[in-house]
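Worksheet: the structure to be examined is printed underneath.
Quick note: the coordinates plus some simple rules give every number you see, no bench work behind them. All of these numbers come straight from a predicted model, not from anything done at the bench. All Cβ positions, even for glycine, are placed from backbone atoms using ideal geometry, and neighbour counts span all protein chains on display.
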Amino acid sequence: MPAGGPTGGHVLRRAIRGQRRRVVTASLLGTVHQGCEALVPVVIGAAIDTAVATGSSPSLLRWLLVLAGLFLVLSNCYRTSARLAEGAGERAAHRLRMELGARVLDPRGGADANRLPGALTSIATNDARRVGSVATVLAYGVAATSALVISSVALLRISVPLGLLVLLGIPPLLWLGHRISRPLERRSETEQERAAHASGVAADLVAGLRVLKGMGAESAAVARYRTTSQDSLAAALRAARSRAGHEGAVLSLTGVFIAVIGIVGAYLAMRGSISIGDLVAAVGLAQFLLGPFQLLTYVNAEFAQGRASARRIAEVLGSPAAVEGGESEVSDGTAGHLRLSGVRLGSLRGVDLDIRPGELIGVVTGDPAAAADLLLCLARERDPADGLIELDGVPLTALAPDGLRRAVLVAHHDADLFETSLLDNVRAGARDDAAPVDEALAASAADEVARLLPDGGDTVLAERGRSLSGGQRQRVALARALAADSSVLVLHDPTTAVDTVTESRIAARLREVRHGRTTVLITTSPALLAVTDRVVVLDEGTVAADGHHTELVAGDERYRAAVLA
């Protein structure tokens, strides 16, 4: 891979190389098919001269058998070649989707930077399909080019001027076709960018539909999507017009070229330079040439769109990682001792914090940005701009990100559920069959949610858990985080949508189920903070207070304002 990351050309070449056996075999079979197609008018011309003109029935029968053999070979070659070529394209596209999926899921992150989820989906589907299509049409292009060469040789045998006309005329036509495809390539890239953005906006709006309805912002959301959709439509129409113009221009050029071949052939026949059979063969070959030229036009257009899509895929694959991957593995016996020293990132202005092994600690901040930045640091989605975070004395930057996240689980407030059963959602966080799933369900009060569902815990939830209420979704998400049984668990506002009675039960059970393991609660919930060993208050990006919940309520006005307001 190039030092600066993959390029569009590199993505295209790798997609083709990965399917080279199928592409080469399909190209060879396609060449045989096109060669047989080109020989059909030649055989017909020979039959006219040697059988029809002489009235020889045996000779006519022999030529008919030759024609039947040609059609048998070309039909079988075409079917096999098309099947291999289409398979190569599908496999190349699938391989790209797998690479894109691996890059998006890379523990180091970075692929989703400045990209909406819908945009990444569009790249992994539409752009991957277009790049895969290049592997398909390459075989067609090789076959079409071979057909032009075979036709030229056949015309040279009939007449040197006709053969030279084709040989000398093909390169300028191919060059003009490539030049004409340049606007299509640019507009195709813009079309895919606008379509991906529209998909991203649509997915974003659907995900927040309930919030939009609650705010009464449906009209603003509709207006936003209408504008984005219209931009995408305009780009698609420009690309379609460009493709139509490209195909029309190339078709006109090839039509004129073929007409010239026919006229020259007719002139040579009138002068007696070629026979009637040769004229029929020449005209037949001229008409046949329209097929390869149209195929090359199609191939050229697909290559133009494939190059544009390949550049977009290369941008994702070459996205810089959000964090550098460490090499040290986290040991199984992690104590869970977290230490933050002078951590600076975004709203954090030098946070010093020592979280002892097995401690249940609360973190209170009135600034949502500070909470978000702290979560990013602890999950190692971002590294601090300054300062150090250690786990059991080892800097997080020295640990492999995937191993670190198994030891330190950060459960965000807006966690999504999967479209599967409630129990499968909870087990998704478990590492093995011995995970405390039942304890996690009871501690989060998610067992009560299961009892209310038609099929209990086996009830299949709707996409993102939309068949549950907000509080029910939170309880299932909390159960999933507890079932992971990680050495360090960081929870961000896990009970904001839960009623106060249930929240109190969850607080008491949470302390029990997490006994002996480090737990960080980033919240302003009095019920949760009351069961912590101590509470740290962040103010203006630094630690402003540290003490027990009851002490802070009694003696810290800022704490009372943040927690009891």
Which angle from 0 to 90°, rounded to the nearest 10, does the C-alpha axis of helix 20-47 make with the longest principal axis of the chain? 20 degrees
Could you state the angle between the C-alpha long axis of helix 500-513 and the longest principal axis of the C-alpha atoms of the chain, as a value from 0 to 90 degrees rounded to the nearest 10? 90 degrees
How many nm is it between the label spots at residue 68 and residue 113, if each spot is 7 Å from the Cα in line with the beta carbon? 6.9 nm
Given (1) 1.06; (2) 1.08; (3) 1.19 as candidate values of Rg/Rh (Cα atoms, Kirkwood Rh), which corresponds to the one derived from the coordinates? (3)
Can you compute the FRET efficiency between residue 341 and residue 230 using 1/(1 + (r/R0)^6), with r the Cβ-Cβ distance and R0 = 41 Å? Round to the nearest 0.05. 0.20
Out of 133, 152, 55 - ranked by how far each Cα lies towards the positive end of the dipole of region 2-159, with unit charges on the beta-carbon of charged residues - the top one is 133
Going by average Cβ density within 10 Å per residue, which order do the peptides 546-559, 288-301, 341-354 take, highest to lowest? 288-301, 341-354, 546-559
Other-chain or far-sequence residues with amide H under 5 Å of residue 421's (modelled H): 461
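Roughly how many debye, to the nearest 20, is the charge dipole of the chain about its Cα centre, given +1 on each Lys and Arg Cβ, -1 on each Asp and Glu Cβ, and no other charges?
3080 debye
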Using a Förster distance of 41 angstrom, determine the FRET efficiency expected from the C-beta separation of residue 176 and residue 275, and round it to 0.05. 0.75
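How long are the semi-axes of the equivalent ellipsoid of region 373-490, defined as square roots of 5 times the Cα gyration tensor eigenvalues? Whole Å, largest first.
Rounded to whole Å, the semi-axes are 30, 15, 11.
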Report the GluC sites (Glu not before Pro) located in region 274-343 that are in a DSSP loop and have at most 15 other Cβ atoms inside 10 Å of their Cβ, or state none. 324, 327, 329
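Using 1/(1 + (r/R0)^6) with R0 = 45 angstrom and r between the beta carbons of residue 160 and residue 102, what's the FRET efficiency to the nearest 0.05?
Values: r = 57 Å, r/R0 = 1.27.
In this case the efficiency is close to 0.20.
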Hydrodynamic radius by Kirkwood for region 338-564, inverse mean 1/r across distinct Cα pairs, in Å, is 17.9 Å
Over the chain, what is the relative contact order in whole percent, taking alpha-carbon pairs under 8 Å and six or more residues apart? 16 percent
Mind jotting down the distance between the C-alpha centroids of region 410-429 and region 325-354, whole Å? 26 Å
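Starting from 0.36 nm per residue, how many nanometres of slack lie between residue 327 and residue 266 once their C-alpha separation is accounted for?
Here the answer is 14.3 nm.
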Positive end of the charge dipole of the chain (Lys, Arg +1 and Asp, Glu -1 on Cβ, about the Cα centre): tell me which of 66, 121, 412 has its Cα farthest that way. 66
Placed amide H near residue 386: partners under 5 Å, 5+ positions off or other chain: 344
